[in-house]
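A.B. asks: Below is the structure I would like to discuss, written out as structure tokens.
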Amino acid sequence: MKALVLKDFHEMVVAERPDPVAGRGEVLVRTVATGICGSDLHGFTGANGRRVPGQVMGHETAGRIAALGPDVTGLTVGGLATVNPVVSCGHCPSCTAGAEHHCPEKYVIGVAPAVSAAFAEYVVAPAGNVVALPDTMPAEYGALVEPIAVGAHAARRGAVTADDTVLVSGGGPIGQAVVLAARRLGVTRIVVSEPDPGRRALCATLGAEVVDPAGAPVPEQVRELLGGPASVAVDAVGLSATLADALAATSLGARIVLVGMAAPRVELAAFAVSTEERTLVGSFSYSAADFRSAAEWVAGTPPELAHLVERQVDLADAPAAFTALAEAPTPGKVLVRF
């Protein structure tokens, strides 16, 4: 099969790799489209230390089931599907509690170096991680399920309800997914702080009010738009500056969700948490239930999905797309087609 291989940092190549085979309890998926995630770009540059040369990355994917391994039932060869890349043991306390992403034995397809992932014509996954999708939807939308699940999980961690007003720091794909999740929960007032004009425009199309953090202090802009502070903030960037904005732009007792991971360490205004009784929670990945819920929503082909895809590139053009995106990310998602 043809695969997109991280030959070295800052160098992707299309190369031949052995065709994978579905083993017991596994499914072989023929890839249709795989999204280029920000973490893939960090792996491409070597910035996050979680990818290695020689690896086939890719974890936001959609494809058609090519073969079923022994003992697999409930899935149909030829059917459209997406793949939950978080593979857990299924029997530890975290897994039985529905928090599979906390499983100490988990690995992530697209991150684990030894696992050939979804920037390839074929990928193998455990049957429990393959989620069927209807043939009535555009196949490439299945590649959006994973980032949408990240945003939905962040909103759940923040206990967002229709009564909340929400600040989202960062208008990239995860910030966009948070906007969609908040709107699905009934939130009508969402402010996105984003420096890139293209991403601001996309978030506005999704129903958010947008501010440029370079224009004026974000807390001031939030209060002006909302008539007061937000009750929830979701930091989809993860820097000291954006976390400071989240604390300063929210009300007493607000919930702050940290889902962005731009920096491994941040400075924190501790008194803004303790004396004003805010709750600061982390959000990482998603549970299997979150992923299936996101897949169900995507399967309904809501019109917002059309705005999330910036463009699609053929496999031959994928190395150039990685190089370009590492220098200047686009407002929406770039998909590699197979």
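A.B. asks: Considering only region 313-328, I want to know if a residue exists there that is at pLDDT 95 or above, within 15 Å of the chain's Cα centre (by Cα) and buried (at least 21 other Cβ atoms within 10 Å of the Cβ).
C.D. replies: No - not one qualifying residue is present in region 313-328.
A.B. asks: Let me ask another. Restrict the check to region 98-119 and report whether at least one residue is part of a strand (DSSP E or B), β-branched (Val, Ile, Thr) and surrounded by fewer than 24 Cβ atoms within 10 Å (Cβ to Cβ).
C.D. replies: For region 98-119, residues part of a strand (DSSP E or B), β-branched (Val, Ile, Thr) and surrounded by fewer than 24 Cβ atoms within 10 Å (Cβ to Cβ): present.
A.B. asks: Only residues in region 43-59 that are in the same structural domain as Leu144 (by TED's automatic domain parsing) and closer than 13 Å to Ala114 by Cβ count as the first member; pair them with residues that are among the charged types (D, E, K, R) and outside any loop (DSSP other than H, G, I, E, B), Cβ under 6 angstrom, at least 6 apart or cross-chain, and list the lot.
C.D. replies: So the pair list comes out as Met57/Asp40.
A.B. asks: May I ask you to say which residue of Val83, Val123 is in contact (Cβ under 8 Å) with a residue 60 or more places away in the chain and surrounded by 23 or more Cβ atoms within 10 Å (Cβ to Cβ)?
C.D. replies: Val123
A.B. asks: Of the numbered conditions (1) buried (at least 16 other Cβ atoms within 10 Å of the Cβ); (2) touching a residue at least 60 places away in the same chain (Cβ under 8 Å); (3) more than 25 Å from Val298 (Cβ to Cβ); (4) not charged (D, E, K, R), Val13 fails exactly one; give the number of that condition.
C.D. replies: Just one mismatch for Val13, condition (1).
A.B. asks: Also, I was wondering about something else. Counting only residues that are assigned to a loop (DSSP other than H, G, I, E, B) and out of contact with any Leu (no Cβ under 9 Å at 6 or more places or on another chain), which one in region 16-47 is modelled with the lowest pLDDT?
C.D. replies: Of everything passing the filter in region 16-47, Gly46 is modelled with the lowest pLDDT.
A.B. asks: In this structure, does Arg189 turn out to be of a type in the set (D, E, K, R), in contact (Cβ under 8 Å) with a residue 24 or more places away in the chain and surrounded by fewer than 24 Cβ atoms within 10 Å (Cβ to Cβ)?
C.D. replies: The answer is yes for Arg189.
A.B. asks: For region 5-53, give me each residue that is within 20 Å of the chain's Cα centre (by Cα), of a type outside the set (Ser, Thr, Tyr) and under 29 Å from Pro70 (Cα atoms).
C.D. replies: Correct list: Val32, Ala33.
A.B. asks: Quick check on this structure: which one of Ala324, Ala241 is of a type in the set (A, V, I, L, M, F, W, C) and not assigned by TED's automatic domain parsing to the domain that holds Ala214?
C.D. replies: Selected residue: Ala324, the only one of Ala324, Ala241 that is of a type in the set (A, V, I, L, M, F, W, C) and not assigned by TED's automatic domain parsing to the domain that holds Ala214.
A.B. asks: Report, by residue number, each residue of region 185-219 that is assigned to a helix (DSSP H, G or I) and within 22 Å of Arg156 (Cβ to Cβ).
C.D. replies: Cys203
A.B. asks: Take region 218-241 and flag every residue that is within 21 Å of the chain's Cα centre (by Cα) and surrounded by 24 or more Cβ atoms within 10 Å (Cβ to Cβ).
C.D. replies: Val232, Ala233, Val234, Asp235, Ala236, Val237 - these are the residues of region 218-241 that are within 21 Å of the chain's Cα centre (by Cα) and surrounded by 24 or more Cβ atoms within 10 Å (Cβ to Cβ).
A.B. asks: Given (1) buried (at least 17 other Cβ atoms within 10 Å of the Cβ); (2) touching a Phe, Trp or Tyr at 6+ places or on another chain (Cβ under 9 Å), identify the lone condition not met by Thr301.
C.D. replies: Among (1) buried (at least 17 other Cβ atoms within 10 Å of the Cβ); (2) touching a Phe, Trp or Tyr at 6+ places or on another chain (Cβ under 9 Å), the lone unmet condition for Thr301 is (1).
A.B. asks: Of all residues in region 142-164, which are touching a Leu at 6+ places or on another chain (Cβ under 7 Å) and surrounded by fewer than 24 Cβ atoms within 10 Å (Cβ to Cβ)?
C.D. replies: Selection gives Thr161, Ala162.
A.B. asks: Separate question: Which residues, counting only those in region 85-125, are more than 27 Å from Val14 (Cβ to Cβ) and more than 20 Å from the chain's Cα centre (by Cα)?
C.D. replies: Matches in region 85-125: Cys89, Gly90, His91, Cys92, Pro93, Ser94, Cys95, Thr96, Ala97, Pro104, Glu105.
The values are calculated or read from the model by the stated rules, or taken from the named source; none is laboratory data. Computed from a predicted structure; not experimentally measured. So basically every Cβ, Gly included, is an ideal-geometry build from the backbone, and we count neighbours across all protein chains shown.
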